[in-house]
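Structure first, commentary second.
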Amino acid sequence: MSGQSLSSSLAQLLGWRSDSTSHLEKLLSALGAFLGIALIYAVTHWLLPLDSALWVIASMGASAVLLFAVPHGLLSQPWAVLGGHSLSALVGVSCQLLWPGEFFTPALAVGLAILLMHYARCIHPPGGATALCAVVGGPAIEALGYGFVLSPVLLNVGVILLVAVLFNSLFPWRRYPASLARQPEPLRNTAALAPEDFYHALRQVDSYIDIAFDDLLEILQLAQEHAQTQTLQPADILLGGCYSNALPGSHWGVRQVIDAPGGARPRDQVIYKTVAGAGSGSTGVCKRHELASWAKHAVAAEADGWVRVAPGESAARAAAAQG
């Protein structure tokens, strides 16, 4: 095995990968974290004993990495930060009160915190550190009891979220939360995408994206395979069915047929309601064939998103939900 091949294999094993993020973006990440931790440090030391302040700053330092280096990551969004820290603090304090001084208490607190964050949909890795702080933070933190959740935890969460919103708002590509970031324009053509195109796009985004390049290509391949379905016909527009236009970003929308005559005549008038995406909540009227032209495929709501289904299944699910 050549030296280059060995180094490549070692890099892959260790998870090291190239980073196309610009120097400006890296400096902004560092500056934002500096400002966030500086303000937390000032507020915490003003209100709390020194021991408590030091422990919580350690936990918030981990959050600063996510909020300012990966501001658009799922683990960095406000509910992840707020829920992750507060729920983990509750778990940590509870474990310490129930099993003080036991050898398993720190591990149990972290494990239960992760479990609760999973079910509350607020996975935030620094939350594990917050749960641990509540158990091993010493007498100063133990004396706070459940007050630890309010101050310092929620106090510092509020401070760092405020800094993240204000600081990142100064730069359009970093606006936080992610829902405030600039939205992409709709695709203007259907040219096939190559790995080189994705690499170029990643460089243009100029923000750290927590996904490996190979995983991104695999997602593209799976999405393209899933997209190879027959286009909709007027007969596929059914009462109760939901239909997506499959456009990217803010132009995406889902319409549900709320009134339509029987049969499948293309020029039949149908009434629809936009149930997701652009114009959500609005209603409209069009011909059956016009909705078939607007829509790319039928969909159905599932968990936190929409999945592609056959038109008949979409209508059947809607009927079952109403029944």
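The values are calculated or read from the model by the stated rules, or taken from the named source; none is laboratory data. This is a predicted model, so every value here is computed, not measured. Neighbour counts run over all protein chains shown; Cβ positions are idealised from the backbone, glycine included.
Values computed for the structure shown
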read-out	value
Residues satisfying the stated conditions in segment 100-122, i.e. surrounded by 15 or more Cβ atoms within 10 Å (Cβ to Cβ) and in contact with a helix residue (DSSP H, G or I) (Cβ under 7 Å, 6 or more places away or on another chain)	THR105, PRO106, LEU108, ALA109, VAL110, LEU112, ALA113, ILE114, LEU116, MET117, CYS122
Subset of segment 305-323 (residues that are outside any helix (DSSP H, G or I) and without any contact (Cβ under 8 Å) to a residue 24 or more places away in the chain)	GLY305, VAL307, VAL309, ALA310, GLY323
Residue match in segment 87-98 (condition: touching a residue at least 12 places away in the same chain (Cβ under 8 Å), surrounded by fewer than 18 Cβ atoms within 10 Å (Cβ to Cβ), over 27 Å from the mean Cα position of the chain (by Cα) and farther than 13 Å from VAL149 by Cα)	yes
Residue list for segment 166-181, restricted to those being assigned to a helix (DSSP H, G or I) and either among the β-branched types (Val, Ile, Thr) or surrounded by fewer than 17 Cβ atoms within 10 Å (Cβ to Cβ) (or both)	LEU166, PRO172, TRP173, ALA178, SER179, LEU180
Restricting segment 142-161 to residues that are part of a helix (DSSP H, G or I) and without any contact (Cβ under 8 Å) to a residue 24 or more places away in the chain, the residue that is farthest from the chain's Cα centre (by Cα)	GLY147
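Okay, residues lined up against (1) farther than 25 Å from PRO177 by Cα; (2) touching a Cys at 6+ places or on another chain (Cβ under 6 Å); (3) in the same structural domain as PHE167 (by TED's automatic domain parsing); (4) not in a loop (DSSP other than H, G, I, E, B):
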residue: GLY92; (1), (2), (3), (4): yes, no, yes, yes
residue: CYS95; (1), (2), (3), (4): yes, no, yes, yes
residue: ILE114; (1), (2), (3), (4): no, no, yes, yes
residue: CYS122; (1), (2), (3), (4): no, no, yes, no
residue: GLY127; (1), (2), (3), (4): no, no, yes, yes
